[in-house]
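Please read the structure below before turning to the comments.
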Amino acid sequence: STMKIYTYMCAIEKGTYDGNATFKSGSITIEDATIKDWNNTGFGTISFDKGFEYSSNVGVSHMFGKFINKNDLRDCLTKYGFGKITGVDLSGEVSGKLGFKYPVEVANAGFGQGITTTAFQHLQALSIIANNGKPLTPHIVSKIVNTNNGKTTYKRKVEEGEVVASQKTINKIKSLMYNVVNSDDPLATGKRYQVEGFDIIGKTGTAQKVGENGKYMENNYILSFIGFLNSENPEYIVYIALDNPKGITQYGGTVSAPIAKNIMKNIILMITFYRL
């Protein structure tokens, strides 16, 4: 479901997105397949903005033909860095794939099924939001300092791409991500990630894993959370992914939230310490 960020960005950037428009949640039939919301029953008739807050698969599916088409999505995801290596300074990086063609495949891709991505691709795509529309190439090492003399022997260059999203789009997607975590609505999927006294925005994800037979596995999930520390000027991106945690059958908030919150609290303490 973290892929919904980029599908919404695509529709907003195209200029066709209407967050106040409504759809009937719960399920939608596309060709011979039925796509359901994560709770199987839906949330009644809701707006597309609420659909993001509730992480509605059906809402994303309704966006195709209404706001964007498959070519729009493929072009956007390619611009955001998916389907190709990022250039991170680690060996063995893979490109993932954006193999969607038929309507149901397109709808699934819009909320993250049927395609493959990497954590580094997500970080690069998220840097578009944090960096006012320009992607940044991810790196592992910021600098190397000789401990004997204190001299910097290596300092990485900031590799910034071209603008792929307008400030208007960035502001809107940040607003949607803010509501995921900070909305008073009890159905908002990211409320467990709130850190008291700090401005956290983000998006939750629950990805059903694929078995060796190519079919989705029962009760086997990757639970994730993507978050930014402060919404106005994000300095840190947190991406947490848990591979099939024991005792959990579905939904990521109860397990990944405490871990993500501890990481964010430690980052906040580090920032506070170094700025004193």
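The values are calculated or read from the model by the stated rules, or taken from the named source; none is laboratory data. What you are looking at is a predicted structure, and each value in this text was computed from that prediction instead of being measured. Cβ atoms come from the backbone with ideal geometry, glycine included; neighbour counts cover every protein chain shown. What goes into the accessible areas is simple: the full protein's heavy atoms, side chains included, and nothing from ligands, DNA or RNA. Shrake-Rupley method; radii C 1.70, N 1.55, O 1.52, S 1.80 Å.
From largest accessible area down, sort Phe43, Phe100, Phe198; use a 1.4 Å probe on the protein chains.
Phe198, Phe43, Phe100
Pairs Lys143/Lys261; Lys134/Lys191; Lys97/Lys134: which are spaced more than 25 Å apart, C-alpha to C-alpha?
In this structure, Lys143/Lys261; Lys134/Lys191 lie more than 25 Å apart at Cα.
When only the heavy atoms of the protein chains count and the probe is 1.4 Å, how do Tyr154, Tyr193, Tyr221 rank by accessible area, highest first?
So, going from the largest accessible area down, we get Tyr154, Tyr221, Tyr193.
Kindly report, to the nearest 10 Å², the accessible surface of Lys70 as traced by a 1.4 Å probe over protein heavy atoms only.
Its heavy atoms expose roughly 80 Å² to the probe.
I'm a student and want to see the number: the projected area of the Cα convex hull of the stretch 120-269, averaged over all directions, in nm².
Its average projected convex-hull area is 12.5 nm².
Explain nothing, just compute: Karplus ³J(HN,Hα) = 6.51 cos²θ - 1.76 cosθ + 1.60, θ = phi - 60°, for every residue of the stretch 88-101 in order, whole Hz, x for Gly and Pro.
4, 7, 9, 7, x, 5, 10, 8, x, 8, 10, x, 10, 9
Taking all protein chains together and a probe of 1.4 Å, list Glu93, Glu232 from the most accessible to the least accessible.
Glu232, Glu93
More than 29 angstrom separation, counting every C-alpha pair in the chain; what % is that?
32 percent
Quote the FRET efficiency, to the nearest 0.05, computed for Leu269 versus Tyr154 with a Förster distance R0 of 35 Å and r equal to the Cβ-Cβ distance.
0.80
Give me the distance in nm between label points sitting 7 Å out from Cα along the Cα-to-Cβ direction at Ala119 and Asn230, one decimal.
2.6 nm
Given the whole protein assembly as supplied and a 1.4 Å probe, what does the accessible area of Arg192 come to in Å², nearest 10?
130 Å²
Assuming R0 = 41 Å, can you tell me the calculated FRET efficiency for the pair Ser175 and Glu212, based on Cβ-Cβ distance, to the nearest 0.05?
The pair Ser175/Glu212 has a calculated efficiency of 0.50.
Run the 1.4 Å probe and let me know the accessible area of Ile222, rounded to the nearest 10 Å².
We get 60 Å² for Ile222.
Once every DSSP H run of n ≥ 4 in the chain is given -39500 (n - 2.57) and the sum is divided by its residues, what mean residue ellipticity at 222 nm do you get, rounded to the nearest 500 deg cm²/dmol?
-10500 deg cm²/dmol
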